[in-house]
Amino acid sequence: DFDVYYDGIKLDDAHAFSFIVLDGGYAKDSFNVYWEGTVVDGAVSSSFTSLGWGYAKDAFNVYWRGVKVEGAVSSSFKVGRNGYAEDAFNSYYQGRELDR
């Protein structure tokens, strides 16, 4: 009732009362965002959403498998299929910007 576990390991900073499991390995509570049990650095829990294919975003940044996608624009970011995504300026595959 008071603790959160991932793969049998207690997440020390997780708050059970507000903990929500999202899809794609992501989860969040009132204070932190997690990917496969590890805190996602810099992610804003209140605006964080999982997008599928390993991607997620908050109001400011985009993430792939818990790692910030440098240069990606959160407000226009859209996920396609099979690891492909795009924002208003670039295309991405598995979190990496594609050459144009």
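The values are calculated or read from the model by the stated rules, or taken from the named source; none is laboratory data. Quantities reported herein were computed from a predicted structural model and do not represent experimental measurements. Glycine gets a Cβ as well: all are built from the backbone with ideal geometry, and neighbour counts include every protein chain shown. Just the protein is used for accessible areas: all its heavy atoms, side chains included, with ligands, DNA and RNA removed. Shrake-Rupley method; radii C 1.70, N 1.55, O 1.52, S 1.80 Å.
Work through the residues other than Ala59 whose Cβ is under 15 Å from its Cβ and net out their charges, Lys, Arg +1 and Asp, Glu -1.
That sum, taken over residues with Cβ under 15 Å, equals +1.
Out of Val44, Phe31, Asn61, whose Cα points farthest toward the positive end of the dipole of the chain (charges: +1 Lys, Arg; -1 Asp, Glu; placed on Cβ)?
With unit charges placed on the Cβ atoms, the residue in question is Asn61.
When the accessible area of the range 1-90 is split by element with a 1.4 Å probe, what percent falls to carbon and sulfur?
Here carbon and sulfur together make up 52 percent of the probe-accessible area.
Starting at the first residue of the range 78-91, write each ³J(HN,Hα) from the Karplus equation 6.51 cos²θ - 1.76 cosθ + 1.60 with θ = phi - 60°, in whole Hz, x for Gly and Pro.
9, 9, x, 10, 6, x, 8, 7, 7, 10, 5, 10, 9, 10
Can you spot the lysines whose alpha carbon is less than 24 Å from Lys10's alpha carbon? Ignore those fewer than 8 places along the same chain.
Lys28
Quick one: Karplus J couplings for the range 52-67, per residue in order, coefficients 6.51, -1.76, 1.60, θ = phi - 60°, nearest Hz, x for Gly and Pro?
For the range 52-67, the Karplus curve yields x, 6, x, 8, 7, 8, 10, 5, 10, 9, 10, 10, 10, 6, x, 10 Hz.
Write down Rg/Rh for the chain, rounded to two decimals, with Rg from the C-alpha atoms and Rh from the Kirkwood relation over Cα pairs.
Looking at the chain, the ratio lands at 1.01.
Give the aspartates and glutamates whose C-alpha is closer than 17 Å to that of Lys78, dropping any in the same chain fewer than 8 places away, or say none.
Those aspartates and glutamates meeting the cut-off are Asp23, Asp58, Glu70, Glu86, Asp87, Glu97.
Per residue and in Å³, how big is the convex hull formed by the alpha-carbon atoms of the range 29-75?
67 Å³
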